[in-house]
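Peer 1: Can you read through this structure? Questions will come right after.
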Amino acid sequence: MSTVLPPACDPDAVWVFGYGSLVWRPDLPAVEERIAVLPGAARRFWQGSPDHRGTPEAPGRVLTLVDAPPEVHCMGRAFRIRPDAVAATLSALDHREKAGYAQDLREVQTDLGAVHALVYLALPGNPDWLGSATVDVIADHVLRCRGPSGPNRQYVLELDRALIGIGAPEGHVADVARAIRAKEASWTLR
């Protein structure tokens, strides 16, 4: 995958929208960061991670965005990348999001106005697509998986904490995190 900035994109004002691990572990050379909202999108743990939160034999579950009605929105973080670091940052993000993700340029709303931000999306039909499942099935799957970036449960629980921290607790993430905690609590009671 290689990122090619759209012609309308100013290389001195490249924004990236984070809705998953970029919310709690951005590791980006940003010169500016804002809480941002992407309308018409919802987070779902429907993408497989054979390289970070799982393995090829047991891919973890990570987020993608799915289309939602306009009144539904996804809150995350927008980062304006340091101009001298754009090429290296996009190359690093392409590697980080290599398993089934593609880039899209979307308008996100911030308290200082709208910006066009690069968003990494995993679309149905990509080789690592896992698709819809119940919260319990997702939680069980997450609890079984671990990859080079750590346990899959860490991805879910850290994101849940980070979303609460930015004032954006989110239903699907919160439901999966709650199910993981409940399952782990039941193990300690045995």
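The values are calculated or read from the model by the stated rules, or taken from the named source; none is laboratory data. Note that the coordinates shown come from a computational prediction; the quantities given were computed from them, not determined experimentally. Cβ coordinates were reconstructed from backbone atoms using ideal geometry, including for glycine residues, and neighbour counts include every protein chain displayed.
Peer 1: Is segment 141-151 home to any residue that is crowded, with 17+ Cβ neighbours inside 10 Å, assigned to a strand (DSSP E or B) and aliphatic (A, V, I, L, M)?
Peer 2: no
Peer 1: Inside segment 130-140, can you point out the residues that are surrounded by 14 or more Cβ atoms within 10 Å (Cβ to Cβ) and part of a loop (DSSP other than H, G, I, E, B)?
Peer 2: Selection gives Leu130, Ala133.
Peer 1: Against the definition (under 21 Å from Gly165 (Cα atoms), in contact with a Phe, Trp or Tyr (Cβ under 8 Å, 6 or more places away or on another chain), at pLDDT 95 or above and among the aliphatic types (A, V, I, L, M)), how does Val62 come out, yes or no?
Peer 2: Against the criterion (under 21 Å from Gly165 (Cα atoms), in contact with a Phe, Trp or Tyr (Cβ under 8 Å, 6 or more places away or on another chain), at pLDDT 95 or above and among the aliphatic types (A, V, I, L, M)), Val62 qualifies.
The rows are residues; the columns are (1) farther than 29 Å from Ile35 by Cβ; (2) among the polar types (S, T, N, Q); (3) in contact (Cβ under 8 Å) with a residue 12 or more places away in the chain.
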| position | (1), (2), (3) |
| --- | --- |
| Thr134 | yes, yes, no |
| Pro151 | no, no, yes |
| Gly165 | no, no, no |
| Val173 | no, no, yes |
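Peer 1: Another question, if that's okay. Considering only segment 112-127, how many residues are over 13 Å from the mean Cα position of the chain (by Cα) and not in a loop (DSSP other than H, G, I, E, B)?
Peer 2: Residues meeting the conditions: 5.
Peer 1: Taking strands (runs of 3 or more DSSP E) that do not extend beyond segment 6-110, which have at least 3 residues that are farther than 20 Å from Val142 by Cβ?
Peer 2: 15-18, 30-39, 73-81, 101-110
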